[in-house]
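Report on one structure; see the data block that follows.
The values are calculated or read from the model by the stated rules, or taken from the named source; none is laboratory data. Here the structure is a predicted model, which means the values were calculated and not measured. Surface accessibility is based on the protein's heavy atoms, side chains included, excluding ligands, DNA and RNA. Shrake-Rupley method; radii C 1.70, N 1.55, O 1.52, S 1.80 Å.
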Amino acid sequence: MFQLLILFALIGRFSAVENGFEFGKKLPCEPFLILNMYGLKQCFSECQTYSTCLSINYDRKHLVCELNSVRKNASLLLVNKDDFVYKETTDQVNLRFYIFLNK
C-alpha cells in the first residue's frame, strides 16, 4: 500500500500532456492579453481568434487566461507551475505569422 501511495505522489509531480495541453507547466513570458474568469477551452478558443497568439498559459486556480505571442523554444523553456496549463496553437495563420516574425 505504501508503494502505491509513493507511485501516485510521483505521478502527480510530472506534468500530464493531454490533447496538447501541458498540465503543471507555464511559459515564463509577458502575455499580450490577460482575460479573467475564463475556462480552459474558452481561453484556447480566444487565442485562436488572434493571429498574434501562439500559446496560452491558463491559471486553473484563478481562472485567468494569458495569451502569449511566443511559444517555447530553445531559449524559452516551460517552468513547473502546479495550477497552470500550457498549450500552443496549431492554427496555420498563427504559424505563418510566427515564421514571418522570426525571419
> Each residue of region 70-81 in turn: what ³J(HN,Hα) in whole Hz from Karplus with 6.51, -1.76, 1.60 and θ = phi - 60°, glycine and Pro shown as x?
Replying inline: 10, 10, 5, 7, 4, 9, 10, 9, 5, 10, 6, 8
>> I'd like the accessible area for E88: 1.4 Å probe, protein heavy atoms, all chains in place, Å² to the nearest 10.
In response: 50 Å²
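Largest first, what is the accessible-area ranking of K87, K61, K72 with a 1.4 Å probe?
Values: K87 30, K61 140, K72 80 Å².
Order by accessible area, largest first: K61, K72, K87.
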> What accessible area per residue comes out for region 21-60, rounded to a whole number of Å², with a 1.4 Å probe?
Replying inline: 49 Å²
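Quick check: at a probe of 1.4 Å, how many percent of the accessible area of region 15-59 sits on carbon and sulfur atoms?
Details: 1180 of 2320 Å².
C and S fraction of accessible area: 51 percent.
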